[in-house]
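S.K.: Dumping the structure here so I can ask a few things about it.
Where a number appears in this text, it was derived from the coordinates with a stated rule and is not lab data. What you are looking at is a predicted structure, and each value in this text was computed from that prediction instead of being measured. Cβ coordinates were reconstructed from backbone atoms using ideal geometry, including for glycine residues, and neighbour counts include every protein chain displayed.
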Amino acid sequence: MGPQHPIHPEATLIKLKVEGEHVVDADIDASFVHRGIEKALEHKTYVQGLFLAERICGICNVAHTTCYTLNVEGLAGIEVPQRALWLRLIVEELARVSSHLLWLGLLAHVVGFESLFMLAFRDREVVLDLMEEIAGGRVTSGYNVIGGVRRDIDAATAYKIKSSLAKLKERVVKYRRLLEEDPIVRARTVGVGYLSPSEAKELLAVGPVARASGIAYDIRVNDPYLVHEEVPFNPVVYDTCDAWGRAMVRVGEILESIGMIVYALDHAPSGEIRARVPPVFRPPPGENVTRVEAPRGELLHYVRSDGSEKPYRYKVRTPTLANLPAAISMLKSRGDRVVHIADVPVIFGSIDPCICCTARVLVVNEKGAAKEFQLDELAAKRWAR
Amino acid sequence: MLAGLVRWARSRSLWVLFINTGACNACDIEVLAALSPRYDAERFGVLLKGSPRHADVLLVTGPVTRQVRDRLLRIYEQMPEPKFVVAVGTCATSGGVYDACYNVYEGLDKVLPVHVYVPGCPVKPESVLDAIKLLAEKVARGGGS
Amino acid sequence: MKGREPSEEEVVSWLRERLGGAVLDARVARKRRVFVRVDREHFKTALIALKELGVDFLEALTGVDAGDSIEVIAHVGRSVSVAVETAVPKGDPRLPSLVDLYPGAEVYEREVWEMLGVVFEGNPRLARAFLPEDWPKGVYPLRKDYEPKHPEPLR
């Protein structure tokens, strides 16, 4: 039985059919974390549902609460104070930095670059401390509420955020150069996990996966929510169509996010941070769609109200689900585009799966013999290509 | 007397196996942090192991989905006696926020015997260390498995 | 029209022009949000028409139990998000698969099928996506007649 490691939190099964060292077919079973949340949301009031939505994914929890609160506020016609939107943006971008640093550490671990893994995790602790200072929680922040945010950011905290992020920025610039120049990282990621621009389009890829294949799709640009129209930033797009491109997109996004946070801290208007909303309220019958750019890509929430205090239907489409078809495609060898077993952890990791870096891989060879591995065992199998 | 010595020694070198049974990942990250140099569970003799056959302690996050249950039981069976189970996080403790979710059990103790519960949503790394300390004391005292 | 996304009003007038009376309802809810309801026979046609207009990205498929029918909503678009809704009777919950239009739709259709029982004809793999292997056939968790309950505790 495949052992578990906290670094590969969620249980997923990747099934591979191989000929020798080449992967010829693949499938991904993501059912192990299905909990039944959409059904549960129909049995909770809108406020109760917020806390459940927050735990759809612990790492993306801010994206989910941002999306949920905007969705419900739009449905119920609740006006959110301007300052709250700015604060939400700050926390959303901070969560993106935290998520991308986690991802960078996991990538480093998979390619055997343990010192980069340690550095990324250490840097992430700095960001988690900031999150705790702002929101009261390191990981699950509980910051967004229906109507606004729970706590304000005062001048002292703002100063601390800016000085911590200034130091972090210097280190991330170094990591970016490392990704550009280090031969081991490049050997394991350049040309690996190829997804052409047309495949990315047909297979409906989102987030950094799409942006590394030249598709400039970022909800913060395409469908600005919060105050994205007022905070300058550039979506990061590469056209190398490989795992390296996805790494470069994410590292670039960390730097963009740091810029956005600093800008927002300097420009957020003063004022109220929360519109008072009764704990139980009944939005008028109707429906709403809200999308946010989660660290992993476009997150979509749909809600339908029947006029009662509980949603009639609440639908969540996570970015990782959107990227599953692309992930499966990337794992298959095609023509002269060969996928080696040892590439599988990097390829799967490159989509930054929120079913997370999986525990188990089932490998079936041309004779029909099946063997199960832990994902990072495959990385060690052979890397000389 | 020898038994006491063995218990004492065991309590100071608890080898853990970790499994996520459908958690949102937040607890997993904090367990990882507990094992990292900043919080350093290793100074308590705790080592993360890859195989159930080498583990004394099973650290479990998540509310136990239907799909993962059999694998969880299999892992537990493969662990040698004496073995201990720690439910990490509110979900593992009681099902947590997933109280109306059809695909999960209501907490780890609906599936396995649990020795230590660590509340928190997510837990803090300090709580995980505290839980290990509590477990070590229990083991040293002779609290059975 | 390709290469530039249409405005909300252009989406509505294009669909009315192409589908005529098959468009049962169409409204611009707010900036970048259009909700359109079409009859079942024209669900796929509407999506084909939208693709020609440059609304060529399928974001999600939502299924809703609406009592006697199941509503299926295709969310399409990158900037403007268009919700194309249709309804199928519970007694005959079939729709043509969108997989030839959007290959990535396969997993979305599987989800709507296993949660609500809508059969997408032509989907190459209408198999379980999230529910366990031993989930009872014919039990669709997102239908309103299903009461969520935890599995029986083992101890």
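S.K.: Ranked highest first by the average count of other Cβ atoms within 10 Å around their residues, in what order do C:39-46, A:290-297, B:36-43 fall? Each step should come with its number before you reach the end.
M.R.: Values: C:39-46: 18.1, A:290-297: 27.4, B:36-43: 14.1.
Order by mean packing, descending: A:290-297, C:39-46, B:36-43.
S.K.: With a Förster radius of 41 Å, plug the Cβ-Cβ distance of A:R171 and C:A127 into 1/(1 + (r/R0)^6) and report the FRET value to the nearest 0.05. Could the numbers behind the result be given before it?
M.R.: On the way: r = 46 Å, r/R0 = 1.12.
Here the calculated transfer efficiency is 0.35.
S.K.: Within segment C:28-58, what residues put their amide N at less than 14 Å from the label point 7 Å along the Cα-to-Cβ vector of C:R94?
M.R.: Output list for this probe position: C:41.
S.K.: Take the protein assembly as shown, compute every pairwise Cα distance, and split them into 20 Å bins from 0; I just need the percent in each bin.
M.R.: In whole percents, the pair-distance histogram is 18, 54, 26, 2, 0.
S.K.: Here is a further query. To the nearest whole number, what is the average tally of beta carbon atoms from other chains within 10 Å of the beta carbons of peptide A:40-52?
M.R.: Numbers: counts 9, 2, 5, 5, 3, 0, 0, 0, 3, 1, 0, 3, 7.
That average works out to 3.
S.K.: Can you give the direction-averaged projected area of the convex hull of the alpha-carbon atoms in segment A:35-322, in nm²?
M.R.: Directional mean of the projected Cα hull area for segment A:35-322 stands at 14.3 nm².
S.K.: Follow-up question, since we're still on this one. Percent relative contact order of chain C, based on C-alpha pairs within less than 8 angstrom and at least six residues apart?
M.R.: 17
S.K.: Where a Cα-Cα gap under 26 Å defines reach, which lysines qualify for B:K133, not counting those fewer than 8 residues away within the same chain?
M.R.: B:K49, B:K83, B:K110, B:K124
S.K.: Which peptide among B:10-23, C:87-100, C:128-141 comes first, and what is the full order, when sorted by highest mean count of other Cβ atoms within 10 Å? Display every interim value, and only then the final one.
M.R.: Details: B:10-23: 22.3, C:87-100: 16.4, C:128-141: 14.5.
So the order, starting with the most tightly packed, is B:10-23, C:87-100, C:128-141.
S.K.: Also: By count of other Cβ within 10 Å, fewest leading, how are C:F120, A:F281 ordered? Walk me through the intermediate numbers first.
M.R.: Numbers: C:F120 22, A:F281 14.
The fewest-first ordering by Cβ neighbours comes to A:F281, C:F120.
S.K.: Label segment C:1-46 by shape, choosing from rounded, prolate and oblate, from the square roots a ≥ b ≥ c of the eigenvalues of the Cα gyration tensor; if a/c is under 1.5 it is rounded, and otherwise prolate applies when a/b is larger than b/c, oblate when it is not.
M.R.: Oblate, since a/c reaches 1.5 and b/c is not below a/b.
S.K.: Could you identify which residue out of A:H109, A:H267, A:H340 has the top mean-square fluctuation in a GNM of chain A using Cα springs shorter than 10 Å?
M.R.: A:H267
S.K.: Right, next: Under a 5 Å amide H to amide H cut-off, with H placed in plane at 1.01 Å, what residues pair with B:G107 once short-range neighbours are removed?
M.R.: Amide H neighbours of B:G107: B:G95.
S.K.: Express in whole angstrom the spacing between the alpha-carbon centres of segment A:83-158 and segment C:105-126.
M.R.: When both Cα centres are located, 37 Å separates them.
S.K.: Evaluate the distance, in nm, between pseudo-label points positioned 7 Å from the Cα of A:D306 and of B:E126 along their respective Cα→Cβ axes.
M.R.: Here the modelled spin labels are 4.6 nm apart.
S.K.: Here is a further query. Extending each Cα 7 Å along its Cβ direction at C:E152 and A:K160, get the distance between those two points in nm, one decimal.
M.R.: Taking the two extended label points, one gets 5.3 nm.
S.K.: Next question, about the same structure. Could you run the Karplus curve 6.51 cos²θ - 1.76 cosθ + 1.60 with θ = phi - 60° over segment C:18-26 and give me ³J(HN,Hα) per residue in whole Hz, x for Gly and Pro?
M.R.: 7, 10, x, x, 6, 7, 7, 7, 8
S.K.: At 222 nm, what helix-only mean residue ellipticity would the protein assembly as shown give, in deg cm²/dmol to the nearest 500, using -39500 (n - 2.57) for each DSSP H run of four or more?
M.R.: The per-residue figure over the protein assembly as shown is -12500 deg cm²/dmol.
S.K.: Right, next: Need one value for C:83-89: mean number of C-beta atoms belonging to other chains within 10 Å of its residues' C-beta atoms.
M.R.: For this peptide, the per-residue mean of nearby foreign Cβ atoms is 1.
S.K.: Still on this model: Can you list residues from other chains, or at least 5 along the same chain, whose modelled amide H is less than 5 Å from the amide H of A:V145?
M.R.: Here the answer is A:R150, since their amide H atoms fall under 5 Å of that of A:V145.
S.K.: Which aspartates and glutamates, if any, have their Cα less than 13 Å from the Cα of A:K174, not counting same-chain residues under 8 positions apart?
M.R.: Of all the aspartates and glutamates, those that pass the test against A:K174 - Cα under 13 Å, at least 8 places apart if same chain - are A:D123, A:D182.
S.K.: Hey, another quick one. Assign one of three labels to segment C:71-155, namely rounded, prolate or oblate, based on the Cα gyration tensor with a ≥ b ≥ c the square roots of its eigenvalues; rounded applies when a/c is under 1.5, prolate when it is not and a/b is larger than b/c, and oblate otherwise.
M.R.: Prolate, since a/c reaches 1.5 and a/b exceeds b/c.
S.K.: Let me ask something additional. Starting from 0 in steps of 5 Å, tell me what percent of the Cα-Cα pairs of chain B lands in each bin.
M.R.: Distribution as computed: 2, 11, 21, 23, 21, 13, 6, 2, 1, 0 percent.
S.K.: Determine, for each peptide in A:220-233, B:49-62, the mean count of other beta carbons within 10 angstrom over its residues, then list the peptides with the highest first.
M.R.: Ranking the peptides A:220-233, B:49-62 by packing returns B:49-62, A:220-233.
S.K.: Now for a different question. Hydropathy first: keep DSSP H helices in chain A averaging at least 0.5 on Kyte-Doolittle, then drop any whose Cα extent along the axis falls short of 18 Å, and list what survives.
M.R.: Numbers: long enough: A:61-76 (22 Å, 0.29); A:82-110 (42 Å, 0.78); A:114-135 (31 Å, 0.47); A:155-181 (39 Å, -0.49); A:243-267 (36 Å, 0.64).
Flagged H segments are A:82-110, A:243-267.
S.K.: Between A:I37, A:I351, A:I219, find the one with the highest GNM mean-square fluctuation for chain A; connect C-alpha pairs within less than 10 Å.
M.R.: So, out of A:I37, A:I351, A:I219, the one fluctuating most is A:I37.
S.K.: With θ set to phi - 60° and the Karplus curve 6.51 cos²θ - 1.76 cosθ + 1.60, what are the ³J(HN,Hα) couplings of segment A:296-312 in order, to the nearest whole Hz, using x for Gly and Pro?
M.R.: 8, x, 5, 10, 10, 10, 10, 9, 10, 10, 10, x, 9, 7, 10, x, 6
S.K.: Please report how far the C-alpha centroid of segment C:24-89 lies from that of segment B:109-132, rounded to the nearest whole angstrom.
M.R.: The distance from the Cα centre of segment C:24-89 to that of segment B:109-132 comes to 45 Å.
S.K.: Restricting to chain C, compute how many DSSP beta bridges are antiparallel as a %, nearest 5.
M.R.: 70
S.K.: Sequence gap at least 6, Cα distance under 8 Å: using those rules, report the relative contact order of chain A to the nearest whole percent.
M.R.: Answer for chain A is 29 percent.
S.K.: Among A:I134, A:I161, A:I153, which one moves the most in a GNM of chain A with springs linking Cα atoms closer than 10 Å?
M.R.: Result: A:I153 has the largest fluctuation of those listed.
S.K.: Still on this structure, please answer the following. With N set to the number of residues, divide the alpha-carbon radius of gyration of segment A:185-322 by 2.2 N^0.38 Å and report two decimals. Write down the numbers at each step before the final one.
M.R.: Details: Rg = 18.5 Å, N = 138, 2.2 N^0.38 = 14.3 Å.
With N residues counted in segment A:185-322, Rg over 2.2 N^0.38 Å equals 1.29.
S.K.: What average count of beta carbons from other chains do you get within 10 Å of the Cβ of residues in B:121-128? Please report the intermediate quantities before stating the final value.
M.R.: Values: counts 8, 7, 1, 4, 3, 0, 0, 0.
The mean count of partner-chain Cβ atoms within 10 Å per residue comes to 3.
S.K.: Sticking with this structure for a sec: Using modelled backbone amide H atoms (1.01 Å from N, in-plane), which distant-in-sequence or interchain residues come within less than 5 Å of B:L58's amide H?
M.R.: Here B:L17, B:F84, B:V85, B:V86 satisfy the definition.
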